[in-house]
Structure formats: C-alpha cells, structure tokens
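> The following block contains the structure, expressed as structure tokens.
The values are calculated or read from the model by the stated rules, or taken from the named source; none is laboratory data. These numbers come from a predicted model, not from an experiment. Heavy atoms of the whole protein, side chains included, go into the accessibility calculation; ligands, DNA and RNA do not. Shrake-Rupley method; radii C 1.70, N 1.55, O 1.52, S 1.80 Å.
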Amino acid sequence: MSGWIEVIAGSMYSGKTEELIRRIRRAQYAKLNVQVFKPMIDQRYHQTNVTSHNQTQVEATPLENISDIWNHLKNSTQVVGFDEGQFFTMDLVQVCRDLSSRGIRVIVAGLDMDWKGQPFEPIPTLMAIAEEVTKNRAVCMVCGELATYSQKISGSSQTQIEVGAEDFYEARCRLHFAPIVEQKPSRKFDNLNQSPT
Ligand code: ADP
Ligand code: MG
C-alpha cells in the first residue's frame, strides 16, 4: 500500500501543532507505529516533545538536519509527523516523497507564510504535492475575525526565522496585518483557550 502526505498549514496560533498532536494520538489509538520529528531550532517548550501553545504534547525527536531522519527512522514506523516544517530546508520535500513511497503516512505541520506575509518554504511546495491540505486560521488579536497572518510585534526585522511565541508574534487578519515589525502588541489576551473554527 502506498503512503501519502498531509499538510497542516496556517499562521501562528492557528492550532497546527494541536491538530498534529490530535492526528498522532488517533494513530496511536489505532496501534500504528508513530514517530514525530521537529527541527532542533525549536526549543521553545521541551526538547524531546512537540508542545502546542495550549501545552498539549507528544514525544518528538529533534533533528539538526532533515537528512538525520534516516539515522532515527525505525523499520516498523507507519506514521511520521513533522512539526515546525518551515524550519527544515527544502530537502524536507524529497524526504516526505521518499517516506510516502515507502508506504508511510506523513503529516507535516508548519507556517505557510513568514512574518512578511511571503510563502515560507518548504510548506507551500509541500502543500502542492500533498494528498491532503488543511489550512487552519487563528483569531485576529485586533478585531477577532479569522486570522491568516503572523504579525511580528517585536524583535529583529532582519531575519525570516526568529523562534518565539507571545513575545514576538500575534495572529492578525488581512486587514490588520502589516509586513513590518510593529514593536508593540495590540492587546494581551487572557484565557483564550479555543481553537478557531
Ligand atoms: P500553532 O502550532 O498553529 O502555532 P498551537 O496548536 O500551538 O498553534 O496553539 C493553538 C492554541 O493557541 C489555541 O488552541 C489557543 O489556545 C491558543 N491561542 C493563542 N492565541 C490565539 C489566537 N490569536 N487565535 C487562536 N488561538 C490562539
Ligand atoms: Mg506549532
């Protein structure tokens, strides 16, 4: 049986990691052999876990380079998850192709746009070759509408990659997004505990 590729894309806080964890847990309930990987760059919450902003988590192996996956992949693995796919190089695309041709179900979660609103590879390419794409939306921190952008509200304007959560970014809709570092958040949100639908 052939495998396939699923992509969970969207802005920051859109529930990509929660959705990845949900799919991984369901695969575990089905007694499938699962492995989750994440880029070493993402050390926000836990080194050997994938953790959502809601603090739900699953075990994950950090990879310094995507090619290191071949040192960790078990023969028995049937489902492979990647979180923060945008922090891997374009080589992730070929790795996903190779894994799925081996019969593995591949699930990649990641940002589809950077803080400038530009496509953030390798996710857009993966969205094109995937069998299934889910685009999640967050809640705009200015108006409460559905949000597709990650607004940068502090930190550097030089780099595409700056790992951080509440300190650096907030979710915004098209109307309230600007491709600049705004330097101050619109408001702090309290107890926002729901995934947008
Ligand atoms: P992602 O991986 O897409 O960055 P997570 O799955 O880690 O997102 O976290 C999603 C959770 O973040 C939501 O369930 C909610 O509790 C929280 N959250 C914080 N800010 C927002 C927001 N602006 N819109 C929606 N959810 C938010
Ligand atoms: Mg995430």
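> Which angle between 0 and 90 degrees, to the nearest 10, do you get for helix 91-101 versus the longest principal axis of the chain when only C-alpha atoms count?
40 degrees
> Moving to a separate point now. Report the Rg/Rh value for the chain, based on alpha-carbon coordinates and the Kirkwood definition of Rh. Display every interim value, and only then the final one.
Values: Rg = 16.4 Å, Rh = 17.0 Å.
Rg/Rh: 0.96.
> Pairs of alpha-carbon atoms within less than 8 angstrom and 6+ residues apart define the contacts here; what relative contact order does the stretch 4-136 have, in percent? Numbers along the way, then the final one.
Values: 254 pairs, mean separation 52.2, N = 133.
RCO, the stretch 4-136: 39 percent.
> What figure in square angstrom, to the nearest 10, would you give for the accessible area of residue 72 with a 1.4 Å probe?
80 Å²
> If you only keep lysine pairs separated by 8 or more in sequence, or across chains, how many in the chain come under 14 Å at the Cα atoms?
On the way: 16/38; 16/135; 116/152; 152/184.
Lysine pair count for the chain: 4.
> Could you tell me what percent of the accessible area of the chain is made up of carbon and sulfur, with a 1.4 Å probe and every protein chain present?
On the way: 4680 of 10110 Å².
Carbon and sulfur together cover 46 percent of it.
> Let me ask you something else. Please calculate how many Å² of accessible area the stretch 4-136 carries per residue, with a 1.4 Å probe and no DNA, RNA or ligand atoms counted. Can you show the working numbers first?
Values: 6050 Å² over 133 residues.
That works out to 46 Å² for each residue.
> Name the residue, out of 122, 179, 62, whose mean-square fluctuation peaks in a Gaussian network model built on the chain with Cα pairs under 10 Å.
179
> Test of understanding: in a Gaussian network model of the chain with alpha carbons linked when under 10 Å, which of 13, 149, 29 would top the mean-square fluctuation ranking?
Among 13, 149, 29, the largest mean-square fluctuation in the Gaussian network model of the chain belongs to 29.
> Given springs between every Cα pair under 10 Å in a Gaussian network model of the chain, which of 158, 78, 57 has the largest fluctuation?
Looking only at 158, 78, 57, the biggest GNM fluctuation is shown by 158.
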